[in-house]
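Here is the structure we will look at.
The values are calculated or read from the model by the stated rules, or taken from the named source; none is laboratory data. Since the model is a prediction, treat every value here as computed from it, not as a measurement. Cβ placement follows ideal geometry from the backbone for every residue including glycine, while neighbour counts extend to all protein chains displayed. These area figures cover heavy atoms from the full protein model, side chains too; ligands, DNA and RNA do not enter into them. Shrake-Rupley method; radii C 1.70, N 1.55, O 1.52, S 1.80 Å.
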Amino acid sequence: MRGTNQSGISEFLLLGLSRQPQQQQLLFLLFLIMYLATVLGNLLIILAISTDSHLHTPMYFFLSNLSLVDICFSSTTVPKMLANHVLGTQTISFSGCLTQMYFLFMFVDMDNFLLAVMAYDRFVAICHPLHYTTKMTHQLCALLVAGSCVIANLNALLHTLLMARLSFCADNAIPHFFCDVTPLLKLSCSDTHLNELVILTEGALIMVTPFVCILASYVHITCAVLRVPSSRGRWKALSTCGSHLAVVSLFYGTIIAVYFNPSSSHSAEKDTAATVLYTVVTPMLNPFIYSLRNRDLKGALRRVVGRRTGSY
């Protein structure tokens, strides 16, 4: 990454969520608690899955990867905001801003792909239960995660390189707590039509394709569940998908609200509220959503916590 852009701006100012000292203190405490909850909750999910042999299945393999991505996702934005508050500064270097944007795009895409992969896993488990073990092999699971990582990195690199070619004029204040693409485009004094076109075409394709796959999977799942004769059987099948659907709805709803509207319709307040939801709140809620409705995972978590507390 270059240290400065074509117009010579070497750093940006992250204005954060509020300029009032009392609100800043409250937001600092709130974000610190949410970040710690995100890291602790997702680490517990990963630890529970890795230590319990009963959870060494494709569904939990994908869930552990989602938890790892959620930790990295939150770590891309929140620690910088907390550090700026402690140090009493608002600055981030131009190269640091582009680096943050790169990792933000990458982990958003990884979340996106993993949610689609998890939907496919549920589709195979419910619609083709007799062929589940032969279809969802360890090799396929590893390939799906590795392929998601490669595509996510390439997509993030494309958007970052397009941003790096832009010039930025005198105004370098970002009304946000991290370097997001929408406020950066508003600050540029270059022609941003190519960037917006790529976001609305290639970016939309990257987001919409997995979303369509998720919808198609759940259409088939719903049809299969409706054919189950007993109401208890139908409820059991749907309960395994409820947590995933809750996470999907929250994730895609906020992403669409922020990125897939014309720039003229954006407002700093609405964008900030939506991005807080998908960058901070969703990664924090995922462990709770998945563990509260999953008996096997709750049992593994109790054993992990009991083992840790018993060792002291």
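Quick notes
- For segment 166-183, the criterion of being among the acidic types (Asp, Glu), more than 30 Å from Gly242 (Cα to Cα) and either open to solvent by 20 Å² or more (accessible area, probe 1.4 Å) or touching a residue at least 12 places away in the same chain (Cβ under 8 Å) (or both) is met by at least one residue.
- Inter-residue pairs, beta-carbon under 6 Å, first closer than 10 Å to Phe251 by Cα and modelled with pLDDT of 80 or more and in segment 274-288, second crowded, with 20+ Cβ neighbours inside 10 Å and among the small types (Gly, Ala, Ser), 6+ apart: Pro283/Ser74
- In this structure, Ser75 does not qualify as farther than 30 Å from Leu187 by Cβ, of a type in the set (Gly, Ala, Ser) and part of a helix (DSSP H, G or I).
- Within segment 116-139, the only residue that satisfies the criterion of being within 15 Å of Tyr60 (Cα to Cα), open to solvent by 40 Å² or more (accessible area, probe 1.4 Å) and assigned to a loop (DSSP other than H, G, I, E, B) is Thr137.
- Qualifying residue in segment 25-37 (condition: part of a helix (DSSP H, G or I), without any contact (Cβ under 8 Å) to a residue 24 or more places away in the chain and over 29 Å from Val247 (Cβ atoms)): yes
- Test for Val108: is it out of contact with any Cys (no Cβ under 8 Å at 6 or more places or on another chain) and either free of Cβ contacts under 8 Å to residues at least 12 places away in the same chain or more than 23 Å from Gly203 (Cα to Cα) (or both): no
- The lone criterion from (1) loosely packed, with under 13 Cβ neighbours inside 10 Å; (2) touching a Ser or Thr at 6+ places or on another chain (Cβ under 9 Å); (3) modelled with pLDDT of 90 or more left unmet by Thr160 is number (1).
- Taking the criterion of being touching a helix residue (DSSP H, G or I) at 6+ places or on another chain (Cβ under 7 Å) and either crowded, with 22+ Cβ neighbours inside 10 Å or not in a helix (DSSP H, G or I) (or both), the residues of segment 49-58 that qualify are Ile49, Asp52, Pro58.
- For segment 90-105, the tally of residues that are open to solvent by 20 Å² or more (accessible area, probe 1.4 Å) and not β-branched (Val, Ile, Thr) stands at 7.
- Single unsatisfied condition, Glu196 versus (1) within 23 Å of Val124 (Cα to Cα); (2) touching a residue at least 40 places away in the same chain (Cβ under 8 Å); (3) open to solvent by 20 Å² or more (accessible area, probe 1.4 Å): (1)
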